[in-house]
1. Can you find a residue that is among the β-branched types (Val, Ile, Thr), in a loop (DSSP other than H, G, I, E, B) and under 15 Å from Pro347 (Cα atoms) anywhere in the stretch 396-414?
2. On the basis of being in contact (Cβ under 8 Å) with a residue 60 or more places away in the chain and not β-branched (Val, Ile, Thr), does Ala218 make the cut?
3. For Ser626, all conditions in the list (1) without any contact (Cβ under 8 Å) to a residue 60 or more places away in the chain; (2) polar (S, T, N, Q); (3) crowded, with 17+ Cβ neighbours inside 10 Å hold save one; what is the number of the exception?
4. Of the numbered conditions (1) under 27 Å from Ile194 (Cα atoms); (2) crowded, with 16+ Cβ neighbours inside 10 Å; (3) among the hydrophobic types (A, V, I, L, M, F, W, C), Ile171 fails exactly one; give the number of that condition.
5. Restricting to the stretch 115-141, name every residue that is under 41 Å from the mean Cα position of the chain (by Cα) and part of a loop (DSSP other than H, G, I, E, B).
6. Without any contact (Cβ under 8 Å) to a residue 60 or more places away in the chain and not small (Gly, Ala, Ser), is that true of Lys247?
7. Quick one: in the stretch 140-159, of everything that is surrounded by 21 or more Cβ atoms within 10 Å (Cβ to Cβ) and in contact with a Ser or Thr (Cβ under 6 Å, 6 or more places away or on another chain), which residue is farthest from Leu187 (Cα to Cα)?
8. In the stretch 810-851, how many residues are out of contact with any Pro (no Cβ under 8 Å at 6 or more places or on another chain) and not in a loop (DSSP other than H, G, I, E, B)?
Amino acid sequence: MATVLEPLTLTCPIRGLLKPRKKASADLSSLEERHRIDAIRHCLALGYDPKNIKIEAVVAKFGNSGKNSFRCDFAILDVDADSIDMHAPDAVDLLLQHARVLVEVKRDGSKADYVRKTQVEPLLKFAPRKDTIALYWDGVTPRVFWKEDDGSSFSIKSGPLALLPRPGKNIKAKPLTHADLLPPDSLLDIFSRIEDILHGASISLEERYEVMLQLILAKIYDEHESESHPTRPCAFQDYDSLGMSPKNAAKDLNNALTSAVSFYSAHLPKAIEDQFQLEPDVLTYCGQIMAPHLITAANKEVIQTFYMKFAKDLYRWDLAQYFTPPTVTDFIVEALNPTSGELVKDPACGSADFLVATFHRSRAKKIKNAADMMYGADDDTKAVQISVLNMLLNGDGKTNVKKEDSLSAVAIDQARATTDKKFKPFQYHLLVCNPPFGVKIVEKRREVLQQFDLGHTWEKNEKGQWTKSSRVLPQQEKGLLFAEVCVRQARSRGRIAIILPNGYMGNRSDRYVGFREWLLRQCRLVSVCGFPRFTFKTSGADVSASVLFLEKRAKPLSSSSDDSDYMFNAELIENVGWSVGDSKALPVYDRAEADGSYLVGSNGKKIVKSDFAAVLDDMRTSPAVSHFPWLVKDLDLPSHSTSKLGWALSIENVLNDKTLTFDPKRHSRKYAALVQDIESRPHFKLTELFEIISQGKSSTGTSFKKQDEEVYDYVDIDNMGAGEYRVTAYRGWQLPSRARHTVAPLDVFVGSIWSSVTKWCLIGRNPSTNTIVTNGCHRLRLKKGMGEKLLDAAVFFCSEAYATQMRALARGSDGLAEIHEDDLKHVLIPQIVDPAQRAQLQPFLNALLEGPGTLKGMVQDMLGNAQLDLPIPPNRPHHSALV
């Protein structure tokens, strides 16, 4: 079987664009070329001159006439590399005389010790200079080697990457301090190597993960301590280079573990031993591997990938249901723009992903005491434990996550505030939340519901105004109640970001319209950003959802219509960086259009394909910023010309809709631009051409009642195409419950569900009298005098412009989101004004009017009328039948 190779586009600082290939099944870290580029970039960052770098440098020649050679991946010279003629007889000797650093790169460290002995140390032996250094680079534990001369002989010493000197400086062994540590590219690779060491020391699988947790806690604690004392040596060191005995090294590591367990024990899922139960040489080797890495500064994706595997192996936790993808949390936190001194809370924190994103952003912005800004609560003990360990791994040394029932806590505060007028519940500058939502995830406690506005029924009074009644609901969806939690716990003018299903944004029932009215009274709508369907599938949410950005009002309105003078932003995110159509959620990367090669960024990683950066830019350049200046506060963004103005629209677009729809599809730039385009042409509304016939009504207006023994020709949504259709014969008792529409000549049926808006069929001039159509459609009847415009409609129903309008108007949270009859009045149909175009298209419409419209439909029609001599086996009773 052939090996599938993927092309890549890498940028090397020395050689420019490269087009290497790798196995399709392999990770980018398996590509040696990528690691060579990383090593070059590190050397350049230290100040080495790129002109002095020689790629694939020959350091020795063997055999007859030197036909065989020994090479290193690259050499750093103390002269311009081009000044040495590599074809000259003495080229190798001349290169070695000027060699400052000789570098050997490997794609993995599985044979690191062997490579160092057989390839790295020989590099130094070939070099005549005493100050030549060898660098071994594998992406996990790079290491430097140098010669030490005692006067009579020299020995080869090694140490961590931090000892690689800048140009013109000599190498010298010294203890590692916090400034020497570097963020790792992969924690999985580091701990895979440690696991191999422990396995080799006959440590059982369960004990290995206990030891690794001890190492993690001790290392994190050591990093925090060394950050507070920058000049003090870390406890985790490269003990070989310092000449420290395993016994003394083990003592330092055990002291670090004792302090870490004492500090973190209150937050941990279970008790941890405060001493390592390992032989000193094994412990020292593990500590030495971890020493040069700054775990608390690792990329969030690096930490999450490691944590999900580590927690599953150690605690048997399956964390997918707790995590919000990092690209989503980064985007939302970046949009909220937390600044120094602002308190952030997640009242349903799950695994604390929003807090982790806030912590990393605050630290990147050099905000002091970032850990003191963040608070998390969750009613699930396991979620709290996951959150705490996640925060610790990400560098939060003093987590503020606690077990708390946020719904109950708010209810208690509300009850107290009613009786104690001096009591003021604690509030935060920012609330961010991805709450549990769904019609089956409900709150039933009356003592909680009665303290929430949304725990009561909302009704319209005689003036058509929404009012809260005194009647407490028997139950309410927790997603709605958590929206109220966020509002209650936010300060005046505080910012809120909450992920909610799109059903909450657009459903027409009183419960959801009342919710949107309440929310607009309490807050101003800043932005609504829609995610693709299945974005949160790995966490068990098989719905389409959006994030609402809100600003709490200083004082609630009496009616949402009392504030119509501001603009809000609306966005649709199409690319989230991973495949949203399956449970694996594999990353999706940018590719060059010309040859399909993967694009690799300056950090040596493939570039993830996502819209988040572009959406942020659009949000921050939109007219909404003039109403919500905190969107760009202290960001020092470049000025934008008016031609690049981001998208925003007046809140009147929501207020003028009787259902107060927030759904981002309906408010998106894409939908608005399409409508504007059609309105600029000759056009008409769909409801000007057709009347909508209710399901279950015959052509005479009588109700349809099936007869059990009668044979019907049933049209399911799957048997509709682009105008054509096929029928399946059923007796009345066999008809599915969704068989509701009768038909008449020239009726048009259009899919009424989000996932089937491209499906439609035209009933010809002579349909069978017993044709029945699924209720997953709207039945359209041509109005009198509109026959000539049927061509315009039929052509338009085949276009993406029609499907786009219908998708934008769909209401609901999943693939069954429905286009309501009332929303069909918003569908615009452009006229075909060119006679030549009409003449070219008319024969296709005529074909639909004359019969089933497809070859298969014609075959079925002829078989049913005994006009075609083919065998007719019994139909399959259901789709699971094998034959």
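The values are calculated or read from the model by the stated rules, or taken from the named source; none is laboratory data. As the structure is a prediction and not an experimental result, all values here were calculated from the model. Cβ atoms come from the backbone with ideal geometry, glycine included; neighbour counts cover every protein chain shown.
1. Here is the first cut: in the stretch 396-414, the residues among the β-branched types (Val, Ile, Thr) are 399, 401, 410, 412.
Imposing the further condition that a residue be in a loop (DSSP other than H, G, I, E, B) reduces the set to 399.
Filter again for under 15 Å from Pro347 (Cα atoms), leaving 399.
So far as the stretch 396-414 goes, yes, one or more of its residues are among the β-branched types (Val, Ile, Thr), in a loop (DSSP other than H, G, I, E, B) and under 15 Å from Pro347 (Cα atoms).
2. On the way: in contact (Cβ under 8 Å) with a residue 60 or more places away in the chain: no; not β-branched (Val, Ile, Thr): yes.
Considered against the rule, which asks whether it is in contact (Cβ under 8 Å) with a residue 60 or more places away in the chain and not β-branched (Val, Ile, Thr), Ala218 comes out as no.
3. Failing condition for Ser626: (3).
4. (1)
5. Asp138, Gly139, Val140, Thr141, listed by residue number.
6. Working: without any contact (Cβ under 8 Å) to a residue 60 or more places away in the chain: yes; not small (Gly, Ala, Ser): yes.
Against the criterion (without any contact (Cβ under 8 Å) to a residue 60 or more places away in the chain and not small (Gly, Ala, Ser)), Lys247 qualifies.
7. Restricting to residues being surrounded by 21 or more Cβ atoms within 10 Å (Cβ to Cβ) and in contact with a Ser or Thr (Cβ under 6 Å, 6 or more places away or on another chain), the top hit is Phe145.
8. Residues flagged as out of contact with any Pro (no Cβ under 8 Å at 6 or more places or on another chain) and not in a loop (DSSP other than H, G, I, E, B) within the stretch 810-851 amount to 26.
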